[in-house]
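**Q** The structure that follows is given in the form of C-alpha cells.
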Amino acid sequence: MIVTAHQPVFLPYLGVVRKIIDSDCLVYLDDVQYVRRGYMNRNKILTVDGPKWLTVPVKKCPRDTPILKVPISYDVDWINTIEGTLLHVYGNAPYFDAVFDLVHGVLLQKPQWLWELNTMLLEVVLNYFALDRVIVRGSMYDTVDDPTLRIVSLVEEQKGTIYLSGANGRKYMDSAVFEDRNIGLVFQDYTCLPYRQFNNEGEFVPYMSVLDYMMNMGNDISLI
C-alpha cells in the first residue's frame, strides 16, 4: 500500500495529481495551518496574456488557523466571476463543456468550508480521470507535533508500506524514522511534461492548475 499526503489545495497542479496516481491512498492534511497567498484558495490558469489566478475568497481568520476551520466568504459573487473567467478563457477549448460542468456542479453547492470545496473538486477531478483512490482526512487521527512522526503514524493508520513524499519532503523528513518503522520512503521528482495548450502559440507554460490540462487534454492522463 502506497500512501501519499497533501494539503487541501484549490484545483491542484499536475504534480499533486501525479502523486495520487502513483499512490493507493491520499491523506488530506486538513488540519495543517492555512497559508495566506498560497495555493489553498487559489491557483493559476493560462490565458492568452499569460497565467491568471482563480481565487476563492475566505473570511478573515487568525494566522494560525488550520485549513479545516477556514470558512469561504460569499460576500461577493466570486462563483460568477470564476465561471465567467473560465468561459472567457476556455470557451473554445476542446473539452470545455464537460470540464466546466464538473466545476459548476461543485460550486453550485456553495460549501461552507474551504477544505470541503477543495475536497469536492479533487474528487470530481479524480472521477473524471477514472482514478479510484482512498481519501482520508488527517484530522481524523491524533496529531503528532514532529512532522516525520506525524506522517509515519498516518501511513501506519492506513496499513501503508511505502510513503510517497513530495520533493520538499527532503528538507524535513527523517528517513531513519521510516527505516525504524519498516516503511519505505520515496521522494517525487516531478517535471511537468508539455501538452497542447489550445490558446498558446508560444513556449509551453507548465505548472498550471489541473483545469488547464483537463480543458486541453480531457481525461487522458498519459502526460500527467
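**Q** Give the relative contact order (percent, whole number) for the chain; include only Cα pairs under 8 Å separated by 6+ residues.
**A** 30
**Q** Enumerate the whole-percent occupancy of each 5 Å bin, from 0 to the last occupied one, for all C-alpha pair distances of the chain.
**A** Each 5 Å bin holds this share of Cα pairs: 1, 7, 14, 18, 19, 16, 13, 8, 4, 1, 0.
**Q** Cα-Cα over 29 Å: which of LYS59/LYS171; LYS110/LYS159; LYS19/LYS69?
**A** Violating the 29 Å Cα-Cα cut-off are LYS59/LYS171; LYS110/LYS159.
**Q** Roughly what angle does helix 147-157 make with the longest principal axis of the chain, taking Cα atoms, 0 to 90 degrees, to the nearest 10?
**A** Helix 147-157 and the main axis of the chain meet at about 90 degrees.
**Q** Between ASN182 and THR161, what is the label-point separation in nm under the 7 Å Cα-to-beta-carbon projection?
**A** Inter-label distance under the simple model: 1.1 nm.
**Q** Compute the helix-to-body angle for 114-128: its Cα long axis versus the longest principal axis of the chain, expressed 0 to 90° and rounded to tens.
**A** Here the helix axis deviates by roughly 80 degrees.
The numbers here are math on the coordinates, done by the rules we state, and not lab data. If you're wondering where the values come from, they're calculated on a predicted model, not measured in any experiment. Glycine gets a Cβ as well: all are built from the backbone with ideal geometry, and neighbour counts include every protein chain shown.
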